[in-house]
Amino acid sequence: MSTAFESAVSNRARLDRRRYRLGWRLFTGASAWARLALLVGAAIALTSSAVFAQAIETGIWAIAATVLQWFAAVAAGGILYANLPVWISRGCTRREITVAYAVFGALTAIALTAFTTAGFAAEHALLTLTGDAPRSWGETLGLGARYLAITPIYFFTGTFIGVVAARFGGRTWFTVAVLFGAAGLYAGVLGLEFGSLGGEWHLAAWAGTALAVTAVLIAAYVLALRSLPVSAKRA
């Protein structure tokens, strides 16, 4: 009986570790796949900021930062949509996939925030050399840090679309709904992404709104995943 109990505990621990390993592999795999594009894109954006400093006073990196968020959304949704049947065929439960994606999303938010902040800092340094820096160092680093709350919104928007696409993808009404829904959400997120954070109440309201939107998206994605009938297929 003791041996059976120990075996059950060992199997449980192994399964717990599997979900975290899957989340880590998703992050490292996506990072390896995207690293060249990220580095090339960063080099082009920063060079353009220096060249067009007189014409675009606020710099180009803010635009690049937004593009990065869409990149995260597409990657999150695309990976889930493409691999969900394979994971199910290999015995992964929906709970394991949910936890793995929570790990994937958290690591993505941290990494993209660090990358985005580094880009803002590099752009600021370049524009300082030309005497065209549009803001202080504190404001510059603050622009990057806010993506720790913004990136999860994009990431789990893509995740939710990926799950729903597994059921309704290919239907015209679904494509139209995604386009209008994504456009509406993007319009709202732009206010969070570029709005003023002046004052403690503004900052608190901003953070609360970002967390609430993320929570709603995670809940919607989890509910959609749990109710999704998936036909397993082999890799």
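I want to confirm something. Restricting to region 53-68 and keeping residues that are in a helix (DSSP H, G or I) and not β-branched (V, I, T), which single residue is surrounded by the most Cβ atoms within 10 Å (Cβ to Cβ)?
Checked region 53-68; the qualifying residue surrounded by the most Cβ atoms within 10 Å (Cβ to Cβ) is W61.
Restricting to region 100-124, give me the number of residues that are among the hydroxyl-bearing types (S, T, Y) and over 10 Å from Y147 (Cβ atoms).
Count: 2.
G144 - would you say it is more than 17 Å from A102 (Cβ to Cβ) and either touching a residue at least 40 places away in the same chain (Cβ under 8 Å) or crowded, with 24+ Cβ neighbours inside 10 Å (or both)?
The answer is yes for G144.
Among the residues of region 149-176, write down those that are over 19 Å from the mean Cα position of the chain (by Cα) and β-branched (V, I, T).
If the condition is that a residue be over 19 Å from the mean Cα position of the chain (by Cα) and β-branched (V, I, T), then T172, T175, V176 are the ones that fit.
Quick one: is R90 at pLDDT below 85 and either open to solvent by 20 Å² or more (accessible area, probe 1.4 Å) or within 14 Å of the chain's Cα centre (by Cα) (or both)?
yes
Could you check F71 against (1) over 14 Å from the mean Cα position of the chain (by Cα); (2) surrounded by 18 or more Cβ atoms within 10 Å (Cβ to Cβ) and say which number it fails?
Every listed condition holds for F71 apart from (1).
Can you tell me which residue within region 124-140, out of those that are within 21 Å of G191 (Cβ to Cβ) and not basic (K, R), is most open to solvent (accessible area, probe 1.4 Å)?
Per the stated criteria, the residue is E139.
Assuming A42 fulfils every condition listed in (1) at pLDDT below 90; (2) surrounded by 14 or more Cβ atoms within 10 Å (Cβ to Cβ); (3) part of a helix (DSSP H, G or I) apart from one, which condition is it?
(1) is the only condition that A42 fails.
The values are calculated or read from the model by the stated rules, or taken from the named source; none is laboratory data. Treat the numbers as computed from the prediction; the structure is a model and nothing was measured. Neighbour counts run over all protein chains shown; Cβ positions are idealised from the backbone, glycine included. With ligands, DNA and RNA removed, areas are computed over all heavy atoms of the protein, side chains included. Shrake-Rupley method; radii C 1.70, N 1.55, O 1.52, S 1.80 Å.
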